[in-house]
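The values are calculated or read from the model by the stated rules, or taken from the named source; none is laboratory data. Just so you know, these numbers come straight off a predicted model, no measurement behind them. In this analysis, Cβ positions are derived from the backbone assuming ideal geometry, glycine residues included, and neighbour counts consider all displayed protein chains. The accessibility values were calculated without ligands, DNA or RNA, using every heavy atom of the protein model including side chains. Shrake-Rupley method; radii C 1.70, N 1.55, O 1.52, S 1.80 Å.
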Amino acid sequence: MALIPIAAMVRKDLQLFFSDRRAVIMSFLVPIAIASFFGSIFSGPSRNAEPARIAVAIVDQDAGAISRGIVAGARTDRNLAIDVAQEADARDAVRRGKTVVAVIIPQGFGDAAGRAFFANGDKPPLGLVYDPSRAMELAMVRGVMTEHVMQAVSREVFSGDQGRALVDETLPRVQSSTMPDDQKRRLVEMLGAVQRFYREPTRAAGAAPGITMPYTVREEAMTAGSNVAYNGYAHSFGGMAIQFLLFAMANLGIEMLLERQKGLWKRLRSAPVSRAALLAGKAASGTLISLLTLWVSFAFAMIVFKVRIEGSVAGFIGISIGVALMAASFGLLVAALGNTPASARGITTFAILIMVMLGGAWVPAFVFPRWLQQFTMIVPVRWAVDGFDAMTWRGIGLSGALAPMAVLFAFAAAFMAVAATRFKWEEA
């Protein structure tokens, strides 16, 4: 008999939910649209797609063989979009956000770099004027330019006219220097060998003298399998669905506060309906609505964006139920702790945004400082997002779902316990 009022409340809530067609469409459409947007950003380019190039302006104030070699090498780099400009124009482009980094090669850079290559002399500065909002791309440009500078300097030093003149200039200085005899002898032998190197016949066509990278990189994305590409839509749909479930269930809690404000619960209490039956009915209807919303979102992702459950289907279902129950019990917590609908709405919105942000639904948690990464382990959204990742693109089996499920059910039980003890039939 106790189940009759619970079933009646669940039926009533479901009828109210489906009676508003516009609200139903928005409940499905909004998370799908936002998740699609974030997924298109974080999926990255396909294996054969042209990578997004970083806009770099190079200001060549030296106009020597080495600086021209740097510019030529940078132009061939598939990660950079090079534009040679005057310093004022380059600085203005960075200031306006049209260019990420402006590389300034000062006058005399080539001569100074060539001298510094053989000795511990003053190293010439290579200026990098950058957009501070894109510091991550600055690090990439710095590494790429290091390779091209080293290759251009070493090529000219070992085979160019500038290097030949530099060796001819340096050798007499070393021979007349006061450095220790043993050190002088070794340095003279090295420079003499370089002179003989210059006198050798030109190498076969196509040879590229200069220091180059002594290795190549073989990248392997660690996903569910060797032939399974990373699908960023799996992460975005999980994160965005969780966010909108929390907002929807928080709205359910605020609607309960409105009903209490109108005296509905006071009248319902005379039915009589117990507090446990009321909360159980609301939790059941909220869980069913959350599950429906969650699975419709993932079904869209599977059909349109080829998201797949590469891990355990049972684990995916278990995490889905845990997420839905946690979201529904969070809504009851809002109804139990809220004084008025207006005050509860503002605090709840802030709490959800913090949970979603720290849980990695917007951006991956690895970008956070280490102490904050540890702190996010007490946020239920973090476990939900990690659980869905494990069941989809990571391809982890049922074992990868056990810990997220346990944590999500524990949060749901804690929210329900607080809601049961703090729920008030009438507004204070």
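Quick one, could you list the DSSP H helices from the chain stretching 18 Å or more along their long axis (Cα atoms) with average Kyte-Doolittle hydropathy of 0.0 or above?
Those that clear 18 Å and a mean of 0.0 are 3-19, 21-42, 135-159, 232-261, 275-304, 313-337, 341-358, 399-422.
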Dipole in debye (nearest 20) - the chain, about Cα centre, beta carbon charges: Lys, Arg +1; Asp, Glu -1: 1620 debye
Rounded to a whole %, the carbon-and-sulfur portion of the accessible area of segment 242-372 at a 1.4 Å probe is 71 percent
May I ask you to derive the FRET efficiency for Asp111 and Arg53 from their Cβ-Cβ distance with R0 = 22 Å, giving the value to the nearest 0.05? 0.10
Working out 0.36 nm times the residue gap between Met26 and Thr340, then minus their Cα-Cα distance, what length gain in nm do you get to one decimal? 110.5 nm
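Kindly rank 10-19, 254-263 from highest to lowest mean number of other beta carbons found within 10 Å of each residue.
Going by the mean number of other Cβ atoms within 10 Å, highest first, we get 254-263, 10-19.
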Specify which labelled value, from (1) 24, 54, 20, 2; (2) 22, 48, 26, 4, 0; (3) 20, 35, 24, 15, 6, 0, agrees with P(r) over Cα pairs in 20 Å bins from 0, in percent derived from the coordinates of the model shown. (3)
Could you give the accessible area per residue of segment 294-428, probe 1.4 Å, as a whole number in Å²? 45 Å²
Pairs of lysines 8 or more apart, or on different chains, with alpha carbons under 27 Å: count those in the chain, would you? 10
Give, in nm to one decimal, the length gained when the segment between Ala410 and Met377 is fully stretched (0.36 nm per residue of separation minus the Cα-Cα distance). 10.5 nm
If a paramagnetic tag sat 7 Å from the Cα of Ala135 along the Cα-Cβ line, which residues of segment 348-373 would have the backbone N under 15 Å from that point? 367-370
Among 179-187, 295-303, the order from most to least packed when residues are scored by Cβ within 10 Å on average: 295-303, 179-187
Gained length - Arg68 relative to Trp362, 0.36 nm times residue gap less alpha-carbon distance: 101.5 nm
Based solely on its DSSP helices, what 222 nm [θ] is calculated for the chain when runs of n ≥ 4 H residues each add -39,500 (n - 2.57) and the sum is averaged over all residues, nearest 500 deg cm²/dmol? -22000 deg cm²/dmol
Can you work out the FRET efficiency for the pair Asp92 and Thr146, with r the C-beta to C-beta distance and R0 = 41 Å, to the nearest 0.05? 0.95
